Amino acid sequence: MAYTSSKQAAKLKQSRQGMWSSRWLFVLAAAGSAVGLGNIWKFPYIAGENGGGAFVVVYLGCVLLVGIPIMIAEVMLGRAGRGSPVHALRNLIESAKASSFWRVIGWLGIGAGFLILSYYSVIAGWALFYIWQMGSGVLVAVTPDQAGKLFSNFLSDPFQLVFWHTLFMALVVWIVSKGVVKGLENAVRICMPLLFLLLVVLLVYSAQSGGFEQAFNFMFSFNWSEMHLDGFLVALGQAFFTLSLAMGAIMAYGAYVSEETPIISTITTVAIIDTSVAIASGLAIFPIVFANGLDPSSGPGLMFVTLPLAFGQMPGGMVFGALFFLLVSFAAITSAISLLEPLLAYLVEEYNAKRKRVAVSMGVLCWTVGLGSVLSFNVWAEFYIVGDKTFFDFVDYVTQNIMLPLGGVLIALFAAFVVPKEVVAEQLGLRGGFVSIIWNLLIKLIAPLGVLAVFCYTIYTTLYLPMTA
Ligand code: PHE
């Protein structure tokens with residue numbers, strides 16, 4: 001069955017929003033989306049909270065068996081449907097004559113992306129604040145205690161948090177309003193290589209800090225007794241989050257990929273880059289944690305307390321420290337623009353709206369929702385939406401543990417059973433044989449069942465355990 005008439009197919013060769021200028025720019029852009037706070041800030045602290053080694057192994061398994069296949073599926077859907085996630089889905093549904101129920105994938109993605117951006121911007125604002133703090137020299141030779149105090153004082157001041165949240169969101173809106181080629185490409189072309197370089201500098205420093213061996217053991221020696229069922233859930237959620245899956249981001253970027261780009265190898269490269277940055281961040285942060293007697297499971301503040309300590313003691317640490325937080329902010333920006341892109345592309349395509357106007361209005365809306373997360377760290381710290389979850393915890397939990405896995409299962413099932421076989425084969429360059437078998441096994445069975453199992457467990461713990469507690 002041909003999935004489109006030839007006229008339609010010709011139309012679908014290009015996206016209305018523009019196209020990536022080369023395969024490598026797509027790699028950079030997708031890596032720019034994937035590499036972000038999730039790798040540098042979140043991965044080390046949740047690995048710390050979940051016992052280290054065993055968690056890392058489960059996480060790697062999730063990336064390999066679930067993350068990569070779903071990421072490939074997303075790019076394929078974006079490219080075959082050539083449009084914002086909602087439109088891409090609509091095009092594919094029409095050509096496959098499938099139920100319009102599947103459109104929910106696009107909406108779930110756009111909704112999750114919007115909600116995540118609201119708090120992502122708040123945390124990224126912390127990184128902006130630390131550029132300033134490092135550069136001004138107040139952190140030179142601080143003690144662990146002082147570094148901890150500075151961070152907690154900062155969190156307790158809602159005005160400061162709002163200021164940096166506003167600045168970050170304004171930057172994102174500014175870049176996104178310039179469009180794919182000018183805004184997105186230029187941002188990733190400069191930021192990504194610099195980020196890698198600085199990570200290496202930090203690794204070299206950490207390797208000599210005295211805590212490296214302990215850190216290495218913490219991250220790579222696995223002790224199953226420390227891995228709880230909850231850890232599986234967190235690991236899977238993290239795999240989705242870090243690869244930017246099920247939020248429409250990768251699908252939206254997929255719409256700007258040329259027909260010649262080989263999806264499987266390109267996405268595998270992106271996943272390798274993303275995973276390496278996460279592991280490198282852990283190996284940069286944990287030695288400092290152990291060398292200074294800090295607690296590896298100290299939660300969201302981990303990076304913001306440990307790294308200023310390290311830089312504060314390094315010769316030239318002011319400059320390196322400021323530069324490092326600058327790059328964390330860049331990594332966060334290249335991720336944040338991909339969170340806003342799907343919604344923007346949808347509004348521009350659907351209403352023929354001006355990109356700039358839509359970017360500003362959606363930015364303001366998202367900023368407003370983000371205020372709830374700002375307040376969760378101070379004024380509303382004791383205000384729980386459910387159980388012991390503040391507004392920030394709640395949004396983080398619902399998006400990461402419910403919306404993303406649900407979106408992920410639907411994407412896998414749609415790609416596996418609704419998109420016509422010929423379209424999949426053409427998009428992925430499958431010609432039978434080993435790769436096809438592996439692909440079918442992963443996308444039809446392992447990925448959806450894996451996510452579904454974890455998802456059911458989440459629902460069970462969310463609905464059932466609080467009642468018995
Ligand atoms: N992958 C990004 C990170 O690890 C976060 C993100 C999620 C970005 C979803 C875009 C879409 O920080």
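The values are calculated or read from the model by the stated rules, or taken from the named source; none is laboratory data. Predicted, not measured: the structure shown is a model, and the values here were computed from it. Cβ coordinates were reconstructed from backbone atoms using ideal geometry, including for glycine residues, and neighbour counts include every protein chain displayed. For accessibility, only protein heavy atoms count, side chains too; no ligands or nucleic acids. Shrake-Rupley method; radii C 1.70, N 1.55, O 1.52, S 1.80 Å.
Checking the conditions here, which among PRO262, PRO308, PRO300, PRO296 is open to solvent by 10 Å² or more (accessible area, probe 1.4 Å) and closer than 21 Å to LEU128 by Cα? That would be PRO300, the only listed residue that is open to solvent by 10 Å² or more (accessible area, probe 1.4 Å) and closer than 21 Å to LEU128 by Cα. Looking across region 241-254 at every residue that is within 10 Å of the ligand (Cβ to nearest atom) and of a type in the set (A, V, I, L, M), the one that is farthest from ALA47 (Cα to Cα) is identified as ALA252.
Quick one: in region 375-414, which of the residues that are assigned to a helix (DSSP H, G or I) and among the acidic types (Asp, Glu) is most open to solvent (accessible area, probe 1.4 Å)? Before you say what the answer is, go through the steps one by one.
If we filter region 375-414 for residues that are assigned to a helix (DSSP H, G or I), which is where we start, we get 375-376, 391-414.
Still in the list and also among the acidic types (Asp, Glu): 393, 396.
Values: ASP393: 55, ASP396: 27 Å².
Per the stated criteria, the residue is ASP393.
Per-residue answers, yes or no, for (1) more than 30 Å from ASN153 (Cα to Cα); (2) away from the ligand (no atom under 16 Å from the Cβ):
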position: ALA239; (1), (2): yes, no
position: SER258; (1), (2): yes, yes
position: VAL270; (1), (2): yes, no
position: ALA291; (1), (2): no, yes
position: LEU294; (1), (2): no, yes
position: GLY299; (1), (2): no, yes
position: PHE304; (1), (2): no, no
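Note on region 105-135: residues that are of a type in the set (Gly, Ala, Ser) and without any contact (Cβ under 8 Å) to a residue 40 or more places away in the chain amount to 0. When region 420-442 is limited to residues that are aliphatic (A, V, I, L, M) and in contact (Cβ under 8 Å) with a residue 12 or more places away in the chain, the one that is farthest from VAL66 (Cα to Cα) turns out to be VAL423.
Number of residues in region 265-279 that are buried (at least 20 other Cβ atoms within 10 Å of the Cβ) and of a type in the set (S, T, N, Q) equals 1.
With PHE330, PHE286 as the choices, which residue is of a type in the set (A, V, I, L, M, F, W, C) and more than 20 Å from LEU184 (Cα to Cα)?
It is PHE286.
Of the residues making up region 111-134, just one is within 12 Å of the ligand (Cβ to nearest atom), open to solvent by 10 Å² or more (accessible area, probe 1.4 Å) and among the aliphatic types (A, V, I, L, M), namely LEU115. For region 441-469, the set of residues classified as open to solvent by less than 60 Å² (accessible area, probe 1.4 Å), at pLDDT 85 or above and of a type outside the set (A, V, I, L, M, F, W, C) consists of PRO448, GLY450, listed by residue number. When restricted to residues that are in contact with a Ser or Thr (Cβ under 6 Å, 6 or more places away or on another chain), crowded, with 24+ Cβ neighbours inside 10 Å and either of a type in the set (Phe, Trp, Tyr) or more than 15 Å from ALA47 (Cβ to Cβ) (or both), region 280-293 contains 0.
Selection of region 313-365 for residues being among the aromatic types (Phe, Trp, Tyr) and either more than 25 Å from LEU108 (Cβ to Cβ) or surrounded by fewer than 16 Cβ atoms within 10 Å (Cβ to Cβ) (or both) yields PHE320, PHE324, PHE325, PHE330, TYR351. Among the residues of region 415-428, which ones are more than 22 Å from the chain's Cα centre (by Cα) and either surrounded by 14 or more Cβ atoms within 10 Å (Cβ to Cβ) or of a type in the set (D, E, K, R) (or both)? Listed by number, the residues that qualify are ALA416, VAL418, VAL419, PRO420, LYS421, GLU422, VAL423, VAL424, ALA425, GLU426, GLN427, LEU428. Scanning region 348-363 for residues that are free of Cβ contacts under 8 Å to residues at least 60 places away in the same chain and either in contact with a Gly (Cβ under 8 Å, 6 or more places away or on another chain) or part of a helix (DSSP H, G or I) (or both) yields TYR351, ARG357, VAL358, SER361.
Given the criterion more than 30 Å from PRO158 (Cα to Cα) and touching a residue at least 60 places away in the same chain (Cβ under 8 Å), identify the matching residue among VAL451, VAL369, VAL409. Lay out the reasoning, then the answer.
Values: VAL369 fails: more than 30 Å from PRO158 (Cα to Cα); VAL409 fails: touching a residue at least 60 places away in the same chain (Cβ under 8 Å).
Checking each option against the conditions leaves just VAL451.
If you take the residues of region 185-197 that are under 25 Å from LEU307 (Cα atoms) and buried (at least 18 other Cβ atoms within 10 Å of the Cβ), which of them is modelled with the highest pLDDT? It would help to see each step written out before you state the result.
So in region 185-197, the residues under 25 Å from LEU307 (Cα atoms) come out as 187-188, 190-197.
Next cut, buried (at least 18 other Cβ atoms within 10 Å of the Cβ) only: 187-188, 191-192, 195.
Working: ALA187: 75, VAL188: 78, CYS191: 79, MET192: 82, LEU195: 85.
Only one residue tops the list, namely LEU195.
Pick from GLN8, GLN17: which is open to solvent by 10 Å² or more (accessible area, probe 1.4 Å), at pLDDT below 85 and either in contact with a Lys or Arg (Cβ under 9 Å, 6 or more places away or on another chain) or within 16 Å of the ligand (Cβ to nearest atom) (or both)? Being open to solvent by 10 Å² or more (accessible area, probe 1.4 Å), at pLDDT below 85 and either in contact with a Lys or Arg (Cβ under 9 Å, 6 or more places away or on another chain) or within 16 Å of the ligand (Cβ to nearest atom) (or both) holds for just one of GLN8, GLN17, which is GLN17.
Within region 213-258, the only residue that satisfies the criterion of being charged (D, E, K, R) and either buried (at least 24 other Cβ atoms within 10 Å of the Cβ) or modelled with pLDDT of 90 or more (or both) is GLU213.
Within region 305-323, is even one residue among the polar types (S, T, N, Q) and at pLDDT 90 or above? Within region 305-323, not a single residue is among the polar types (S, T, N, Q) and at pLDDT 90 or above.
Scanning region 247-267 for residues that are under 16 Å from the mean Cα position of the chain (by Cα) and farther than 14 Å from SER84 by Cβ gives a single hit, ILE267. One residue stands out among those in region 93-104 that are assigned to a helix (DSSP H, G or I) and among the hydroxyl-bearing types (Ser, Thr, Tyr): the one that is nearest to PHE455 (Cα to Cα), which is SER100.
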